[in-house]
Structures are given as structure tokens and as C-alpha cells.
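Working notes, beginning with the structure itself.
The values are calculated or read from the model by the stated rules, or taken from the named source; none is laboratory data. Only a predicted model underlies this, so the values are computations on that prediction, with no experimental measurement involved. A quick note on method: Cβ atoms are made from the backbone with ideal geometry, for glycine too, and the neighbour counts reach across all protein chains shown.
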């Protein structure tokens, strides 16, 4: 190591087993240990080592003792080649019981893996330039970006090389593999905030500045965003970063987090807590200690937030080429469907697929001459590029099906609810529905129009049952605002009925073309609270 672990002698860390383990041995070394464990089976893995597998992108599924793993694969910026797609699909087919999930950070997840299978999977991934390193753990996670980078008429400049440079700098870099907690970055020049800047630990966002009489394009930087049980919106630093300085600034911010971030209590170790205590001014000063002088902020290029949705067929900035934004309900596909999309992308485009942080995908580089033939592909009957207003805007975390932290089932429930709403309610605007199985917010409940958070509650018969709390009015427009919780708990079996009544109320009271967020801001949450109270009271009466 070339850096000093200045926190190592902190006596408060004595009770933090993970910090002690990370001091003893860098967690990325788990890759060296996997062949031994694979050869000797799951029982050969000490329990205290289970969590270290996160640095290799591996979490034990529920129940942990069964020995099945979830694996997350890093997809920087969400961009996949044809060969990478085929490899991922075959891994899901050969080892993952046909489950292929797109995450809200543009990554891919498999389930039902055994330790004996992991070496072959890692080898297959390596052969096509993919990795699981940093997909989980106290390390730089998958760096997300604009899913349209390089082809986007609404980007200030092409960020693909910048994002790649940042990714490669941190990849397997043991100088930054022992951070206080997980660390999420984004790099995007899309003017509609496609990377959800405000909920990342660090985000590089499109901006301009006149320097020496010339207008330069680059980034503004926000730090300290994050969701989980204590959500915080990122704050902007007084900096303008030229593209060629991005890696240097990213390294400086990460060094600050590594050396000054809190390590005593894991639930308070994210960068957002340090930023909240220091404030953006002190944080900016500290960054400049590492980088030297940088220009002050320029002019932000960000406009209205698009939440990472790119549905439909649209012109690229390249003459004669188009991209197709496709709905993947709650991000789940089968291997056969992945292969079918890969073949379509190869037949009509250049074989590339882009994952969106809305759990959907994009087929880029389709020529004008290929559009009509592409439209006839039957896969778009199942996965439309012009989806309906509920299923097309629904997001879900993994839920109790696989996750040890989840309290309720989510993915299939969210899909079923959204499909039924689409059959029964016709709206002129979409409603963004996000469902999460616990307070950790992996499904980004806090930024949804309607957020649904799973809980446990006692029903009228005093039995513990799955239930949900309802939140309304989230957005990342104009710096962002998290949604607000309505009072009342809804049994899972009654959730569809309650949502239907709230949405029908919205439909009846809304103005033409008024979005759900605009409606909430106009009438206030009190009206929706009164409606929810009445709906819950009527169900009790029955």
C-alpha cells in the first residue's frame, strides 16, 4: 500500500468487525481465495468470510446457510457489446436458473449460483472484458452514466472515454478498495440528468464555463447524495472540472472519503454523513488541497429531469441513425430474451445494447433503412418501445425472493399491480411507481411519484403480515425533493385496491396533462392523506 491507514489506531473501531477484517487483509484478495473455496465447497468458507465476497460481486441469498449466491456484474455506463450479452445470457442459462436482472445502476445480477461455479463464471466474464470487482462491498461501485452517451442529441459532449478512464483508474486499485462504506459515482453530460445525480455519492454533471475567452464544456460536481434509511440529496461543490481533470478530481474526493470518512458505525459511514457535517465549502477546500487550483463553477447545463427513461424510436446525433428505448418490466429477462435482443441489436444495429438505470434497455445505431423491419420483430409485443403508463414506469428491488434484508416480496408484485392498473385505468401521463422491500431503498423509492416501502405489521387477527407504507411526490428536478410518507399501513393483499383508489382520485382531480408530481405540489399531501384515510376506513368497515 502506498497510503497510510490513518484510521487504523482508532480505538472506536475495535467493535467493528468489518473494519478489523479489512485492516488485516485487503478484501479484493478474495479473488485469490475463490479457487480454494470452489474446490472444497461452501462448507469450507468460514462464516466471517461471507461478507468479504461482496468485493467479488457476490452476496449470499436468503437463507444464507443454503449456500446460493447472487452475483452482480459491473457494466460501466450500462454499455454492452454483442459478445458480452451472449456471455451474460449463457451464464444465466447455465448457472442462474434463467434469471437475468437489470439493476437501477445499469448492472446485471444473477441468482442461484454455487461457489463451485464461480471460477468458470469469472473466467467467462474476463474473456469478454467484464468483471464483478467492485460490484458490491466498501469500494467504488459500478459507475453509472448516460445510457445514450456518444449518440445523444441532448448531451453536452460524449462522456464514454471519461467514464472509462474513471472506471479503469479505480478497477482493482487497492489504494481505494478499503473505503468506509459503499461508494457510488456517476458521470454524465445528458442535460436531463439521466444519471440521477443527486442520489450518488459523487456525480459529474454537464456544465459550461468561459475560460480565457473561450467557452469550455465540462462538469459541475455534486457530493454526498444517497438513499437508504437516511436519504440525502447531493450538494454542489464550487468547482468546474474539465473532462481531462475528471480522474484527478474523482481520486481526490475518494481519497477524502477513504481517509476522513466515518468508520465507527456502518450505518453512518456513507460519504453523505461526512458532507453533511463538513458542508460543501469545507469539502471544496479539501479537494483543492489534493488537486491544486481548479476553476470556480460555471453554468449548469441541466434541464428538466427525465428519470432515465428513453422510450420510443428517436434520431441519434449521427445522421441516419436511430435508437430504440425498450421497456423491460421491473428489469427482469430470461436468457432466451437476452439473446433475442442481442441478435436484433446485431441485425439492425451494431450489436450494442445499453442498460438504463430505470431497469430498461436501448438498442442504438439502427439505420433509417432498418427501422421498418425492426418494428416488425415480435419481441416488441412483449417488450414495447411505447409502453403503457404504469408498467412502463415501474421499478422494483430484488425483494424477499433473494435478498436477506427484504421484508416483503416485490418484483412479481410490482409487475402484477402495474399490469392490472394499465388494464383498468387510462391516464394521459405516466405515474412512476417504485417498490422496495426494506428501508435500504435499492429500488429508489424516495424519488418516485408513488413510493411503496415494504414493512411487517400485525393485522386484525394479530398475525404478522407483509404490508406497505406509501410515499408521494418524489423528484430530482431542480435539485430534488424526496417523497413524503402518508400515514397508514396497507396490507399487501389490499395494496392494489388502495393504489387504484388513489390513482383514480388523481385522475378525477388532475388538470389536463398535469403530472402526478405537479398534482401533489398543487393540492398538497393532505388531500391524498384524506383519501387514503377514507379508503383504509372503508376496508376496515367491510
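General observations
- For the range 41-50, a residue qualifies if it is more than 13 Å from residue 25 (Cβ to Cβ) and touching a helix residue (DSSP H, G or I) at 6+ places or on another chain (Cβ under 8 Å), and the qualifying residues are 41, 42, 44, 45, 50.
Residues checked against (1) within 21 Å of residue 337 (Cα to Cα); (2) assigned by TED's automatic domain parsing to the domain that holds residue 483:
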site	(1), (2)
354	yes, no
366	yes, no
376	yes, no
414	yes, yes
427	no, yes
430	no, yes
438	no, yes
447	no, yes
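- Looking only at the range 256-273, residues that are buried (at least 18 other Cβ atoms within 10 Å of the Cβ) and either within 16 Å of residue 224 (Cβ to Cβ) or modelled with pLDDT under 95 (or both) come to 10 in all.
- One residue stands out in the range 195-235 among those that are within 14 Å of residue 274 (Cα to Cα) and assigned to a strand (DSSP E or B): the one that is farthest from the chain's Cα centre (by Cα), namely 235.
- Only residues that are touching a helix residue (DSSP H, G or I) at 6+ places or on another chain (Cβ under 8 Å) and surrounded by 12 or more Cβ atoms within 10 Å (Cβ to Cβ) were counted in the range 9-19, giving 5.
- Restricting the first member to the range 472-493 and to residues that are over 24 Å from residue 225 (Cβ atoms), and the second to residues that are part of a loop (DSSP other than H, G, I, E, B) and at pLDDT below 95, the beta-carbon pairs closer than 7 Å and six or more apart or on different chains are 491/459.
- Verdict on residue 242 being more than 25 Å from residue 146 (Cα to Cα) and free of Cβ contacts under 8 Å to residues at least 60 places away in the same chain: no
- Filtered residues of the range 86-139 (kept if under 22 Å from the mean Cα position of the chain (by Cα), at positive phi and without any contact (Cβ under 8 Å) to a residue 60 or more places away in the chain): 112, 129
- Of residues in the range 276-299 being closer than 22 Å to residue 156 by Cβ and surrounded by fewer than 14 Cβ atoms within 10 Å (Cβ to Cβ), the one nearest to the chain's Cα centre (by Cα): 299
- Taken together, the residues in the range 91-103 that are surrounded by fewer than 23 Cβ atoms within 10 Å (Cβ to Cβ) and either assigned by TED's automatic domain parsing to the domain that holds residue 359 or closer than 13 Å to residue 443 by Cα (or both) amount to 0.
- If you go through the range 502-528 and pick out every residue that is touching a strand residue (DSSP E or B) at 6+ places or on another chain (Cβ under 6 Å) and exposed (fewer than 12 other Cβ atoms within 10 Å of the Cβ), you end up with 0.
- The single condition from (1) assigned to a loop (DSSP other than H, G, I, E, B); (2) within 22 Å of the chain's Cα centre (by Cα); (3) surrounded by fewer than 16 Cβ atoms within 10 Å (Cβ to Cβ); (4) at pLDDT 95 or above that residue 412 fails is (1).
- Exactly one residue out of 22, 64, 17 is touching a residue at least 24 places away in the same chain (Cβ under 8 Å), under 18 Å from residue 111 (Cβ atoms) and out of contact with any strand residue (DSSP E or B) (no Cβ under 7 Å at 6 or more places or on another chain), and it is 64.
- Yes/no for residue 496 being within 28 Å of the chain's Cα centre (by Cα) and over 18 Å from residue 227 (Cβ atoms): yes
Quick grid of which residues meet (1) surrounded by fewer than 24 Cβ atoms within 10 Å (Cβ to Cβ); (2) under 21 Å from residue 359 (Cα atoms):
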| site | (1), (2) |
| --- | --- |
| 188 | no, yes |
| 191 | yes, yes |
| 201 | no, yes |
| 229 | yes, no |
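- Number of positions in the range 359-381 that are surrounded by fewer than 18 Cβ atoms within 10 Å (Cβ to Cβ), under 30 Å from residue 72 (Cβ atoms) and in contact (Cβ under 8 Å) with a residue 40 or more places away in the chain: 2
- Some residue of the range 166-178 being within 25 Å of residue 361 (Cα to Cα) and out of contact with any strand residue (DSSP E or B) (no Cβ under 9 Å at 6 or more places or on another chain): yes
- Unique residue being farther than 23 Å from residue 389 by Cα, at pLDDT 95 or above, in the same structural domain as residue 518 (by TED's automatic domain parsing) and surrounded by fewer than 22 Cβ atoms within 10 Å (Cβ to Cβ) when the list is 462, 456: 456
- Here residue 537 meets each of (1) farther than 24 Å from residue 426 by Cβ; (2) in contact (Cβ under 8 Å) with a residue 40 or more places away in the chain with one exception, condition (2).
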